[in-house]
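Student: Could you have a look at this structure, given as structure tokens, before my questions?
The values are calculated or read from the model by the stated rules, or taken from the named source; none is laboratory data. Note that the coordinates shown come from a computational prediction; the quantities given were computed from them, not determined experimentally. So basically every Cβ, Gly included, is an ideal-geometry build from the backbone, and we count neighbours across all protein chains shown.
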Amino acid sequence: MEIFGVNFNFSDNKKLNHQFHSFANQLSVWYNNDIPPKLASQDTRFMLELQKQKFQSLGLDVKVQVGKPAGHDPAPSSISYSDNVFVNSSVAGNKSITTTIRDSQKEIYNKTTDSVICAIMQQPKEGNIPSHDTPLCCPNCGAPSTLGKLESGCEFCNTKFLMDELYPKVMYYSIEEAHKSGTEMNQLLKFMSVSALLILVFGIVSEVVNGRSIGVFDIIPLLFGGAVVGVGVWIFFMFFSTFFHMGKDLRGAGKTASSLQFCRKMRKLDPTFSTEYFRDKSLSLLKLMLYSREPQELTVCQCDKPIPEKLREIVDTTYFNSGVNKYSIKDGVCDVSLTFYMDSIHYHDGNIRKKSDKIRMSLRKVIKKPTDLSFSIIAVTCPQCGASFDAAKVKTCPFCSSSYPVEENDWIITDISL
């Protein structure tokens, strides 16, 4: 089913499901044993490495255990979007996530939640073969290279790869807390039990103080009355809790109109523009900024203002929603301002705090040529001399010293605030 140029596929794709579960397991191994996920793209590995470096600079040891969810485990679902060469599939599935954070002295955070992992998997479109000049990093040694060179043998480690060994790649992933089924009933039973116990204790104490004896037929009404009071308190609690969660889930809903207007305009200028791809790309850039110890040294960062200290406190995030504040397109250059609604883990003065954050970020891109879904900042080709290099770590070509125009191929960050 195609809507606004995006192919929605909710079928049970066994191959995608297997790849999704494999990546989830590899992610767990990364956090616990420092072995990079084989299915992760170099950009995704770079983001993970930045996050781990930030943990270490703060003196934190973070472990994330990914396991099977409690209760029913439905098969992952997928949504696909493509250009002329590549297909990106957004695959989401349930997992149990246990996050443990320790400082040099003690454990300061531990939480297990049923969560949804969403992974963006990229592979060549059926019947299409990417160009041999497509920039890729060697999966073995990580050196910047091209598809053709990797198939004939990496010039740094001599490892040869087949096409199906290089794809799929997980371009981006996110983790969101899942709604727990049966939670309301468990809460109701707890409210009824606690309330009944409190009313019973109060009634017994009151009778004893007044010199009266307590019989079985006195206890039953107290328990029943306490349970009824518990139901009333639970209804009151759920009333306000529902509005709280509705407000949390609907954050950014007011920006829907401006977001749709922006996407329609971009599709007119660039037929390959994908709303899903833009969302994933902007989230990936946001995480690079949050997880880097020195975000202003990143090639994709061209911010004039200093990065706010509050942003530097964030060590992990959960995405809820995002929306376009405003945008402008002039002389083939697009500037767009976004707001991200996140639940973040902050580390400040030795303490862990979980907060709901509203992060604003401005992006810029030259939109004169179609979007390239395969573009990687880790492996770029110099337009002057044709050499491949890692543009995430150096802003000029190490072979000819030419500045690399990132904004002609990818979005760059021009401002970020909290």
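Student: Of a type outside the set (Ser, Thr, Tyr), crowded, with 18+ Cβ neighbours inside 10 Å and over 19 Å from the mean Cα position of the chain (by Cα): does that describe residue 366?
Tutor: Details: of a type outside the set (Ser, Thr, Tyr): yes; crowded, with 18+ Cβ neighbours inside 10 Å: no; over 19 Å from the mean Cα position of the chain (by Cα): yes.
Against the criterion (of a type outside the set (Ser, Thr, Tyr), crowded, with 18+ Cβ neighbours inside 10 Å and over 19 Å from the mean Cα position of the chain (by Cα)), residue 366 does not qualify.
Student: Separate question: Among the residues that make up segment 395-418, is at least one of them touching a residue at least 40 places away in the same chain (Cβ under 8 Å), closer than 19 Å to residue 284 by Cβ and out of contact with any strand residue (DSSP E or B) (no Cβ under 8 Å at 6 or more places or on another chain)?
Tutor: No, every residue in segment 395-418 fails to be touching a residue at least 40 places away in the same chain (Cβ under 8 Å), closer than 19 Å to residue 284 by Cβ and out of contact with any strand residue (DSSP E or B) (no Cβ under 8 Å at 6 or more places or on another chain).
Student: Does any residue in segment 59-85 that is more than 29 Å from residue 352 (Cα to Cα) come within less than 7 Å, Cβ to Cβ, of a residue that is among the β-branched types (Val, Ile, Thr) and modelled with pLDDT of 85 or more six or more places away or on a different chain, and which pairs are these?
Tutor: Between residues of segment 59-85 that are more than 29 Å from residue 352 (Cα to Cα) and residues that are among the β-branched types (Val, Ile, Thr) and modelled with pLDDT of 85 or more, the close pairs are 76/91; 78/91.
Student: Go through 248, 287, 326 for me and flag whichever is modelled with pLDDT of 80 or more, assigned to a helix (DSSP H, G or I) and of a type outside the set (Phe, Trp, Tyr).
Tutor: On the way: 248 fails: modelled with pLDDT of 80 or more; 326 fails: assigned to a helix (DSSP H, G or I).
Of 248, 287, 326, the one residue that is modelled with pLDDT of 80 or more, assigned to a helix (DSSP H, G or I) and of a type outside the set (Phe, Trp, Tyr) is 287.
Student: While we're here: Could you please find all residues in segment 44-53 being over 14 Å from the mean Cα position of the chain (by Cα) and within 19 Å of residue 167 (Cα to Cα)?
Tutor: Start the filter on segment 44-53 by keeping residues that are over 14 Å from the mean Cα position of the chain (by Cα), which leaves 46, 49-50, 52-53.
Answer for segment 44-53, where residues must be over 14 Å from the mean Cα position of the chain (by Cα) and within 19 Å of residue 167 (Cα to Cα): just 46.
Student: Still on this structure, I have one more. Give segment 24-44 a look and list any residue that's assigned to a helix (DSSP H, G or I) and either in contact with a helix residue (DSSP H, G or I) (Cβ under 9 Å, 6 or more places away or on another chain) or in contact (Cβ under 8 Å) with a residue 60 or more places away in the chain (or both), or say none.
Tutor: Residues of segment 24-44 that are assigned to a helix (DSSP H, G or I), as a first pass: 24-33, 42-44.
24, 27, 30, 31, 42, 43, 44, listed by residue number.
Student: Now for a different question. Taking the condition touching a Lys or Arg at 6+ places or on another chain (Cβ under 6 Å), in the same structural domain as residue 284 (by TED's automatic domain parsing) and either among the small types (Gly, Ala, Ser) or closer than 24 Å to residue 177 by Cα (or both), does residue 29 pass? Lay out the reasoning, then the answer.
Tutor: Numbers: touching a Lys or Arg at 6+ places or on another chain (Cβ under 6 Å): no; in the same structural domain as residue 284 (by TED's automatic domain parsing): yes; either among the small types (Gly, Ala, Ser) or closer than 24 Å to residue 177 by Cα (or both): yes.
In short, no.
Student: Return a yes/no flag: does segment 159-167 have any residue that is basic (Lys, Arg) and in contact with a strand residue (DSSP E or B) (Cβ under 6 Å, 6 or more places away or on another chain).
Tutor: First, pick out the residues of segment 159-167 that are basic (Lys, Arg): 160.
Still in the list and also in contact with a strand residue (DSSP E or B) (Cβ under 6 Å, 6 or more places away or on another chain): none.
Within segment 159-167, none of the residues are basic (Lys, Arg) and in contact with a strand residue (DSSP E or B) (Cβ under 6 Å, 6 or more places away or on another chain).
Student: So how many residues does segment 360-418 have that are under 25 Å from residue 290 (Cα atoms), touching a Pro at 6+ places or on another chain (Cβ under 9 Å) and of a type outside the set (S, T, N, Q)?
Tutor: Final tally of qualifying residues: 14.
Student: On to the next question. Quick one: how many residues across segment 71-92 are farther than 27 Å from residue 112 by Cα, acidic (Asp, Glu) and surrounded by fewer than 16 Cβ atoms within 10 Å (Cβ to Cβ)?
Tutor: 0
Student: If only one of 343, 335 is assigned to a strand (DSSP E or B), surrounded by fewer than 18 Cβ atoms within 10 Å (Cβ to Cβ), modelled with pLDDT of 90 or more and of a type in the set (D, E, K, R), which one is it? Break it down into steps so the answer makes sense when it comes.
Tutor: On the way: 343 fails: modelled with pLDDT of 90 or more.
Criteria check complete, one pass: 335.
Student: Scan segment 350-389 for residues that are within 20 Å of residue 99 (Cβ to Cβ) and in a loop (DSSP other than H, G, I, E, B) and jot them down.
Tutor: Of the residues in segment 350-389, the ones within 20 Å of residue 99 (Cβ to Cβ) are 350-357.
Listed by number, the list holds a single entry, 350.
Student: If you take the residues in segment 41-70 that are surrounded by fewer than 19 Cβ atoms within 10 Å (Cβ to Cβ) and among the basic types (Lys, Arg), which one is farthest from residue 137 (Cα to Cα)?
Tutor: Ranking the candidates gives 68 first.
Student: Since residue 374 meets every condition but one in (1) buried (at least 16 other Cβ atoms within 10 Å of the Cβ); (2) of a type outside the set (Phe, Trp, Tyr); (3) farther than 24 Å from residue 44 by Cβ, which condition does it not meet?
Tutor: (3)
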